[in-house]
């Protein structure tokens, strides 16, 4: 059962050297890491929507008997709360909607290092580089376009081309949305701050159609109101599952691999330092990268599974083909500067 929590490793191994008269020194004794312990419950801060992940949590509780106390909220807000609470946080696990928040908590030193069987379950490029958090699902940035008026061949392959005069007034964006902000952050990381500022200025001066989120953009394109939009891939797949792909006017285009407009951001999870030896928290994060949980995300949310051997939703390009080796997802942590640049460009 879940409840809403209110707002509101450390021990270094010691060695000793014992000398007795002229005898040889005794063997060095190293303090062993504490064994994981379980009390049948742990607290989860979830930056993922309750509608999407609560069924999986219920499934985990039924299978393990472990009770999960969940606090739901916006990823950025929960990340900020964890930074404020620090070591006093009641949270044991943080489930994030994007890698940027996970990177910020890593830099603050709030996560413990995950066991190798969890940290190594996901291929490099879609998880942390230091075992501080593990990627759970992938979400590719794509262009959604009006298939009744345009073909994929007519569309540019790079994000820069969608801020030219040809696309003035024809592009739908959601500047206040976390996924859009992460994409802009990726542009800053990959191409530099000046390039990002230039792109945002060009976008703002090109009369973009501004929406609150990915779903309204998809709806507008599907209704023929907007020619193209920048969204995450799975929104289209969810809509297609409801009405049938053959009934979708909107279609998807994946941009050139390596382009900032085609990044694959990830959801992910980390364990707080205070729960380093919490067997229940460890069991949950381990469950997130199990075949069972990964299959759930494929079937219910249409995201990319990150566990090798689990097939992605039909119709998606391979995850490996979208990997950008130049991008460390933990580097997407500086959303504050991105939000400042968006404000300066007049987009939020």
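For residue 79, which of the numbered conditions (1) within 27 Å of residue 180 (Cβ to Cβ); (2) more than 17 Å from the chain's Cα centre (by Cα) fails to hold?
Status for residue 79: all satisfied but (2).
Can you tell me which residue is nearest to the chain's Cα centre (by Cα) among those in segment 216-250 that are surrounded by fewer than 21 Cβ atoms within 10 Å (Cβ to Cβ) and closer than 22 Å to residue 169 by Cα?
Applying the filter and picking the extreme gives 216.
Determine which member of the set 119, 124 is in contact with a strand residue (DSSP E or B) (Cβ under 7 Å, 6 or more places away or on another chain), surrounded by fewer than 21 Cβ atoms within 10 Å (Cβ to Cβ) and within 21 Å of residue 307 (Cα to Cα).
One residue alone meets the criteria, 119.
Where residues in segment 163-192 are surrounded by 17 or more Cβ atoms within 10 Å (Cβ to Cβ) and out of contact with any helix residue (DSSP H, G or I) (no Cβ under 8 Å at 6 or more places or on another chain), which of them is nearest to residue 288 (Cα to Cα)?
180
Find the residue count for segment 254-288, including only residues that are assigned to a strand (DSSP E or B) and within 21 Å of residue 178 (Cα to Cα).
7
Looking only at segment 289-313, how many residues end up being assigned to a loop (DSSP other than H, G, I, E, B) and touching a helix residue (DSSP H, G or I) at 6+ places or on another chain (Cβ under 9 Å)?
Here the count works out to 11.
So which residues in segment 65-82 are in a helix (DSSP H, G or I) and modelled with pLDDT of 95 or more, if there are any at all?
Listed by number, the residues that qualify are 81, 82.
Out of 87, 153, I need the residue that is more than 21 Å from the chain's Cα centre (by Cα), surrounded by fewer than 21 Cβ atoms within 10 Å (Cβ to Cβ) and not assigned by TED's automatic domain parsing to the domain that holds residue 312. Which one?
Within the list 87, 153, the selection yields 153.
The values are calculated or read from the model by the stated rules, or taken from the named source; none is laboratory data. Because the structure is predicted, anything quoted here is derived from the model rather than measured. Here the Cβ is made from the backbone with ideal geometry for all residues, glycine too, and neighbour counts use every protein chain on show.
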